[in-house]
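Below are the C-alpha cells for one structure; questions will follow.
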Amino acid sequence: MKKTLLFFVFLLFSCSPIGTLYNDFGDLKEQQTYTAINEPIRIYIDRHGDVYPEFKINSDLFRSNGSILEDVYIKDHTTLLNVFKGENIPYETKKTTAENITALQLHLDQKYSNLIDKASGTKTIIYLIHGYNNNADRASIAFSRLRVAVTQLKPNMNFQFVEVYWDGLNNGDKIFNTVKIWNNAQFSAARAGLGLRRILNKTKAEHSYVITHSLGAAVIIEALFNAKRFKDSFYVEDSLGIEIKQLHNNEIYNSPSSRFTVGMLTPAIPGKNVFQDYYQRTVKGKDIQEITVPYQFINGFNEYDIVTTKWIFSKYVGATTLSCNEEEHEKVRDFFSGNTSIYDRVVFSKSHGNKQSSHAVRDYIENENFPLFITALFKSSL
C-alpha cells in the first residue's frame, strides 16, 4: 500500500497538466488538404467527436476551450462565421447557434462521405486509425508506412486510403504522462468512434476495410456497434456515459449497414467485455440487437508487446487484454463459436525466432507475420 501511494505521488509530480496533452491537428490539416483522388482522404476528429473544418482555428483559442471545437464555436462567434465561410455554406441567422453548429457538423460528415463514395466506385476503401499517445506527426508517419506496406503486399488492388486522426492525446515526451492520459484517451476514443460513425453510416461502399493500431481498435468498435466498454454504472451515473448512451438512441448515429473487415494490430481493448455487445447496434435511432450485418475482426495478437502487457503498470491502467492474453482471446473465440468470419487471429508474438516486445507500427509491419495479417484482412475480397 505504501509503495502504491509513493508511486502515485511520484506520478502526480512527474506529469504535465492534462489540458496540455490534447492534440491540435489544425496545422497538419492545413498542410495535407485533400486535392486529388489518388491521395489519402484525411479525416480529423476532436476529442468530442466533431470533424475539423477547412478553416484553421487559432491554436491558442482551441486549447483554451478544452480542445473541443463545439466550445470554440459557442464562445467565439467570429470564428464560427469564418468556419461557415470556409465551408461555403450559409449561416442561418434565424436559427440558434446550437442549430447552426449541428448543421455544420452534418455538412462536414456528408462532405467526407461523398469523397469516400466518389472513390469507392473504382477503388477498395481502407481506413487507417492510429492509437493513443500520438501527435499529428507520429500518426502521419505511421499511416505512411502502412500505406506503403499494404500497397506492396497487394499490388493488384487499387486502394483509396482514408486516414482517421483522433485525439488520443500525447505524452509530451514525458513517459509518466503515458499513464496519466490513458483514461482520457479511452473516453476520446468512444466519442471519436461515434463521430466516425456519422460518416460511415452515410457511405455507400458495400465492403470496406480497416487497419487499427492499439487503442484505435476502440475507435472503430464504437463506430460500428454499441460496445459498453466501461462499467455499467458509467452509463447511468457519469455525464459522459449518459451522453454516449443517449447517442446510441439517436438516428444520426445509426450503425453502418454495410460490411466492414477490421484488422487490429495489438488491440488495446478488453475482449469478451467488448464483443459481448457485438450485436448491439443503433438501427433507426434505437439501440437494439441486430444480427444481419456482418462485421469481421482480425486480432493482431502479441503476448510480448510491452505496452499492452503493461509491464510494471498493469495494476494501475485499464484492460488491454485482447491483444496479449490467450484466455481473453479464447473467450471471444468461444463467444462466436469459433466462427472465423466474425473473429479470427494472426499471432505476432515472435518474428524470425525473436520475441517482439515493441509496440511500434513500424515493427509490426516488419514482423514476418504481417503478410499473413494482410492476407487474412482481404481474404473475403478474393
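Being of a type in the set (D, E, K, R) and open to solvent by less than 50 Å² (accessible area, probe 1.4 Å) is the filter here, so list the residues in the stretch 348-366 that pass it.
363
Could you tell me whether the stretch 251-267 includes any residue that is farther than 23 Å from residue 133 by Cα, open to solvent by 40 Å² or more (accessible area, probe 1.4 Å) and β-branched (Val, Ile, Thr)?
Scanning the stretch 251-267, I find at least one residue that is farther than 23 Å from residue 133 by Cα, open to solvent by 40 Å² or more (accessible area, probe 1.4 Å) and β-branched (Val, Ile, Thr), so the answer is yes.
Considering each of 81, 69 in turn, give the residue that is out of contact with any Leu (no Cβ under 7 Å at 6 or more places or on another chain), surrounded by 14 or more Cβ atoms within 10 Å (Cβ to Cβ) and over 27 Å from residue 188 (Cβ atoms).
On the way: 69 fails: over 27 Å from residue 188 (Cβ atoms).
The unique qualifying residue is 81.
Right, another one. Quick test of your reading of the structure: residue 197 fulfils all but one of (1) touching a Gly at 6+ places or on another chain (Cβ under 8 Å); (2) in a helix (DSSP H, G or I). Name the failing condition by number.
(1)
For (1) out of contact with any Leu (no Cβ under 6 Å at 6 or more places or on another chain); (2) closer than 28 Å to residue 243 by Cα; (3) among the small types (Gly, Ala, Ser), each residue gets a yes or a no:
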{"position": "117", "(1), (2), (3)": "yes, no, no"}
{"position": "130", "(1), (2), (3)": "yes, yes, no"}
{"position": "134", "(1), (2), (3)": "yes, yes, no"}
{"position": "137", "(1), (2), (3)": "yes, no, no"}
{"position": "154", "(1), (2), (3)": "yes, no, no"}
{"position": "181", "(1), (2), (3)": "no, yes, no"}
{"position": "186", "(1), (2), (3)": "yes, yes, no"}
{"position": "191", "(1), (2), (3)": "yes, yes, no"}
{"position": "197", "(1), (2), (3)": "yes, yes, no"}
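Now, a different point. Does residue 202 satisfy being among the charged types (D, E, K, R) and out of contact with any helix residue (DSSP H, G or I) (no Cβ under 9 Å at 6 or more places or on another chain)?
Values: among the charged types (D, E, K, R): yes; out of contact with any helix residue (DSSP H, G or I) (no Cβ under 9 Å at 6 or more places or on another chain): no.
So residue 202 does not fit the description; no.
Is there a residue in the stretch 136-144 that is open to solvent by 20 Å² or more (accessible area, probe 1.4 Å), modelled with pLDDT of 95 or more and of a type in the set (Lys, Arg)?
Within the stretch 136-144, none of the residues are open to solvent by 20 Å² or more (accessible area, probe 1.4 Å), modelled with pLDDT of 95 or more and of a type in the set (Lys, Arg).
Is one or more of the residues making up the stretch 172-183 part of a strand (DSSP E or B), within 25 Å of residue 62 (Cα to Cα) and within 16 Å of the chain's Cα centre (by Cα)?
no
Checking residue 312 against (1) of a type in the set (Val, Ile, Thr); (2) at pLDDT below 95; (3) under 23 Å from residue 130 (Cβ atoms), only one condition comes out false. Which one?
Checking residue 312 against (1) of a type in the set (Val, Ile, Thr); (2) at pLDDT below 95; (3) under 23 Å from residue 130 (Cβ atoms), the one that fails is (3).
Let me ask something else about it. Can you pull out every residue in the stretch 367-379 that is open to solvent by 50 Å² or more (accessible area, probe 1.4 Å) and either modelled with pLDDT under 95 or in contact with a helix residue (DSSP H, G or I) (Cβ under 9 Å, 6 or more places away or on another chain) (or both)?
Within the stretch 367-379, 371, 375, 379 qualify.
Is there a residue being modelled with pLDDT of 90 or more and on the phi > 0 side of the Ramachandran plot anywhere in the stretch 164-178?
Looking for residues that are modelled with pLDDT of 90 or more and on the phi > 0 side of the Ramachandran plot, one finds none in the stretch 164-178, hence no.
Of the numbered conditions (1) at positive phi; (2) surrounded by fewer than 24 Cβ atoms within 10 Å (Cβ to Cβ), residue 214 fails exactly one; give the number of that condition.
Here residue 214 meets the rest and fails (2).
Follow-up question, since we're still on this one. Sort out which residues of the stretch 165-200 are among the hydroxyl-bearing types (Ser, Thr, Tyr) and open to solvent by less than 10 Å² (accessible area, probe 1.4 Å), and write them in order of number.
Our first condition is that a residue be among the hydroxyl-bearing types (Ser, Thr, Tyr); within the stretch 165-200, this holds for 165, 178, 188.
If the condition is that a residue be among the hydroxyl-bearing types (Ser, Thr, Tyr) and open to solvent by less than 10 Å² (accessible area, probe 1.4 Å), then 165, 188 are the ones that fit.
Moving on. Considering the stretch 333-347 alone, what residues qualify as being closer than 15 Å to residue 273 by Cα, out of contact with any Asp or Glu (no Cβ under 9 Å at 6 or more places or on another chain) and either polar (S, T, N, Q) or surrounded by 12 or more Cβ atoms within 10 Å (Cβ to Cβ) (or both)? Outline the logic, then answer.
Going through the stretch 333-347, the residues closer than 15 Å to residue 273 by Cα turn out to be 333-336, 343.
Pick out the ones that are also out of contact with any Asp or Glu (no Cβ under 9 Å at 6 or more places or on another chain) and you get 334-336, 343.
Answer for the stretch 333-347, where residues must be closer than 15 Å to residue 273 by Cα, out of contact with any Asp or Glu (no Cβ under 9 Å at 6 or more places or on another chain) and either polar (S, T, N, Q) or surrounded by 12 or more Cβ atoms within 10 Å (Cβ to Cβ) (or both): 335, 336, 343.
The values are calculated or read from the model by the stated rules, or taken from the named source; none is laboratory data. Everything numeric in this text was worked out from a predicted model, so none of it was measured. FYI the Cβ positions are ideal-geometry reconstructions off the backbone, even for glycines, and counts take in every protein chain you see. Surface areas here come from the heavy atoms of the whole protein model, side chains and all, with no ligands, DNA or RNA. Shrake-Rupley method; radii C 1.70, N 1.55, O 1.52, S 1.80 Å.
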